[in-house]
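The values are calculated or read from the model by the stated rules, or taken from the named source; none is laboratory data. All values derive from a computational prediction rather than experimental measurement. For neighbour counting, all protein chains shown are included, and Cβ atoms are generated from backbone atoms with ideal geometry for every residue, glycine included.
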Amino acid sequence: MSLEVSPSTGFTYLFDNVNDNLYEKSKNPIIFAVLISVIIIYVLIFNYLGISHTPSKAIQNGPSVKVIELILWGVFLFLIFVNALQYFFEVDFRTSIKNMFGDNPQIDIDVLPNKSFENNMQKNEVFHIGDNIYTYEEAKLLCNAHDGELASYNQIEKAYNNGAEWCSYGWSKDQMALYPTQKKTYERLKQDPSSKNNCGRPGINGGYIKNTKAKFGVNCFAKKEKPSDLERDIMKIQPNVPMTKENKKLDFYKRNINKIVKKPFNSDRWSSF
């Protein structure tokens with residue numbers, strides 16, 4: 001079989017998720033328990049076969065035993081490598097050994113397609129396009145341009161259950177303008193009377209809009225491409241929900257902290273330390 005990987009999709013997707021994947025799976029103590037158990041079993045097998053690493057016994061055992069030892073350790077390390085790839089990276093292998101005791105032994109390794117990887121790369125998802133500048137017809141065309149369609153209420157609700165939120169109306173399927181708000185965001189905003197109604201209530205906000213010429217953002221259901229540099233920058237500095245007055249002022253101070261002049265501790269010292 002042939003394995004084709006596009007550098008612009010496959011590798012990017014793999015390394016975007018590899019650290020999280022390794023971290024989550026390495027927290028499982030069973031992995032280390034199994035590894036230690038296998039090593040102990042291997043050591044016991046070597047002792048049972050009479051293989052020793054002391055110089056005096058190594059001579060008695062002879063070169064044939066050394067060859068067996070090297071083969072067994074090679075197989076052991078190979079199995080660890082293959083199983084690590086299967087567990088941590090979800091790369092599936094099919095291996096077979098042919099003519100093991102013949103003159104020309106062969107090892108065949110087939111890399112099987114990663115179904116979950118392929119499915120993730122092909123999945124559509126709900127995403128929001130901001131700026132309240134689109135009519136209903138324009139919103140449908142914009143989603144078509146992304147090879148998708150306007151998101152339905154059920155699709156937005158599913159996205160909400162997975163943690164989605166954006167405090168901005170978006171044209172959706174069946175001429176509705178909707179946006180999701182998480183409960184924790186609602187609880188935070190309601191602590192400030194000036195912002196408690198900024199993002200509606202927890203759940204899916206909005207409903208049917210009679211005027212198709214009204215301008216909102218857009219909720220699409222399509223394949224969401226990797227973010228551009230501009231989109232990454234916006235994601236860092238512009239939250240999906242509006243900040244309270246206190247948080248806006250705090251953010252302003254943080255961004256201008258180097259322009260605020262601090263006084264020395266006294267006439268001779270800058271700091272107390």
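Tabulated results
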item	result
Set Q155, Q191: member being assigned to a helix (DSSP H, G or I), among the polar types (S, T, N, Q) and in the same structural domain as N219 (by TED's automatic domain parsing)	Q155
Positions within region 258-273 being exposed (fewer than 10 other Cβ atoms within 10 Å of the Cβ) and in a loop (DSSP other than H, G, I, E, B), in sequence order	I260, V261, K262, K263, P264, N266, S267, D268, R269, S271, S272, F273
Failed criterion for D147 (all others in (1) part of a helix (DSSP H, G or I); (2) among the charged types (D, E, K, R); (3) within 27 Å of K226 (Cα to Cα) hold)	(1)
Qualifying residues in region 139-168 (those that are over 23 Å from the mean Cα position of the chain (by Cα) and over 12 Å from C220 (Cα atoms)) - the one surrounded by the fewest Cβ atoms within 10 Å (Cβ to Cβ)	N154
